[in-house]
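Peer 1: Below you'll find the structure I mean.
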Amino acid sequence: KGYKAVDASSGINAEYGGYTDGISYLDKNRYVVQYEIMVEGFVSKLGYKRGVNIRGAPYDYRYSPTSEVGQMYMTRLKYLVEETYELNKNNRVMFIAHSMGNPYLVNFFKQMEQAWKDKYIAGYIAIAGVFGGSAKAIRALMSGETEDLPGPILNPLSMRDFQQTLPTIYWLMPPAKMWSDTTFVFANGRNYTAEQYTALMKDAKIPFGPAMYDTIKEVPLFEPDLGVDVYCIHGINQTTPFQFRYPPGGFPDSRPETINGNGDGTVNVRSLHLCKQFKRLKGYKAVDGVWATHLEILKRDDIIDYIVMLVDNNNRRLNGEHVIDF
């Protein structure tokens, strides 16, 4: 169709089945911690058992929720929820999602019937949700993104060709419906807004970019009414890339000057704040200071304690106790 397929590199596999190994770390060497500290918090504080009442549901981040792979994931996730419900004496399931996992869950909940959600879902805890996109996705398409690893370790340009094949990178660009005339890129004497992504990609010599974008731009990142209770958590007041200025003649093959704004270091604050608009929002917590960035927030003791408390309170309500979330 005139654009590249997803680069399905060998050695990449998304495993299902509820195991926590696939969500605990982001790498096989266990260098980059993701959910491990939180998982251990449930094990130590509530006596949970891995794979039984705390379960992982990793997805292949390269594919959109509306793709064939994404829809297969949705089906497997539905079965995983039902199995977990039955394994735990018909207790409803509490979801915890981070980053792009939140827009994935938005699409999952929108597909499920309300009766199914009422039966199986206790609630949903959204951490660092990319509900209104991230300006970093634009930089990834133009010049590659390495999540701030130093250039001598990994040159962002070496990642660009791969990242340009990922539908989810286009999906995570700040949507025009929300950001409209906001300028994100300054290059070659032009100011490119969220409404000018097609022109931006053509000028950046991404010939398949506009077609790839057209396949994904209408897939929602956020919907206010999911039919479930929501608790929202995110970092704030962290230096977060917002706009990108390229030197004369340096677009797109040079690293742009980054103009920063507020956010969690990855997701812009306006995008994070969308979670306040959930119709069934039951709790909201924004944190700053140390360990408040996009990934580090998963390691904060106070955040882990808060999430454990929310889940424990839900369990106690099921047993008829009157408890208040704080």
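The values are calculated or read from the model by the stated rules, or taken from the named source; none is laboratory data. Predicted model only: the values in this text are computed from it and were never measured. Positions of Cβ are backbone-derived with ideal geometry, glycine not excepted, and every protein chain shown enters the neighbour counts. Note: areas computed on protein heavy atoms with side chains; ligands, DNA, RNA excluded. Shrake-Rupley method; radii C 1.70, N 1.55, O 1.52, S 1.80 Å.
Peer 1: Using the Cα centre as the reference, give the magnitude of the dipole from point charges on the C-beta atoms of the chain (Lys, Arg: +1; Asp, Glu: -1; all else neutral), rounded to the nearest 20 debye.
Peer 2: 320 debye
Peer 1: Over the heavy atoms of Lys110, what accessible area does a 1.4 Å probe trace out, to the nearest 10 Å²?
Peer 2: 100 Å²
Peer 1: Right, something else. Could you order Ile138, Ile37, Ile169 by accessible surface area, starting with the largest, using a probe radius of 1.4 Å?
Peer 2: Ile37, Ile169, Ile138
Peer 1: Taking a probe of 1.4 angstrom, what is the accessible area of Ser64 in Å², to the nearest 10?
Peer 2: Surface accessible to solvent at Ser64 totals approximately 10 Å².
Peer 1: When the C-alpha atoms of region 179-326 are aligned to their principal axes, what extent does each axis show, in angstrom, from largest down?
Peer 2: Largest to smallest, the principal-axis extents are 65, 34, 22 Å.
Peer 1: How much accessible surface does Trp291 have with a 1.4 Å probe, in Å² rounded to 10?
Peer 2: 120 Å²
Peer 1: While we're on this one: Taking the 0 to 90 degree range and rounding to the nearest ten, how far is the long axis of helix 101-111 tilted relative to the main principal axis of the chain, both from C-alpha atoms?
Peer 2: 70 degrees
Peer 1: Express as a percent, rounded to the nearest 5, the fraction of DSSP beta bridges in the chain (both residues included) that run antiparallel.
Peer 2: That works out to approximately 40 percent antiparallel.
Peer 1: Among the lysines, which fall within straight-line cross-link reach of Lys119, defined as a Cα-Cα distance under 16 Å, with same-chain neighbours fewer than 8 residues apart omitted?
Peer 2: Those lysines meeting the cut-off are Lys78, Lys89, Lys110.
Peer 1: Mean residue ellipticity at 222 nm from the helices of the chain, using -39,500 (n - 2.57) per DSSP H segment of n ≥ 4 over the full residue count, to the nearest 500 deg cm²/dmol?
Peer 2: -10000 deg cm²/dmol
Peer 1: So, one more: Relative contact order (percent) for the chain, with alpha-carbon contacts under 8 angstrom and 6 or more residues of separation?
Peer 2: Relative contact order, the chain: 18 percent.
Peer 1: Also, quick follow-up: Would you mind checking which residues have amide H under 5 Å from Phe184's amide H? H placed 1.01 Å from N; only 5 or more apart, or other chain.
Peer 2: Correct list: Tyr192, Thr193, Ala194.
Peer 1: Can you list the residues, at least 5 places off or on another chain, whose amide H is less than 5 Å from the amide H of Ile259, using H built in the peptide plane?
Peer 2: Phe242, Gln243, Phe244, Arg245
Peer 1: Same structure, new question: When the Cα atoms of the chain are enclosed in a convex hull and the volume is divided per residue, what value in Å³ results?
Peer 2: Once divided by residue count, the hull of the chain is 134 Å³.
Peer 1: Next question, about the same structure. Just the number, please: carbon plus sulfur as a percent of the accessible area of the chain, 1.4 Å probe, no ligands or DNA/RNA counted.
Peer 2: 50 percent
Peer 1: Right, something else. Helix 36-46 versus the longest principal axis of the chain: what angle, 0 to 90°, nearest 10, using Cα atoms?
Peer 2: The two axes meet at around 10 degrees.
Peer 1: Give the lysines whose C-alpha is closer than 26 Å to that of Lys28, dropping any in the same chain fewer than 8 places away, or say none.
Peer 2: Here the lysines satisfying the reach criterion relative to Lys28 are Lys49, Lys136, Lys299.
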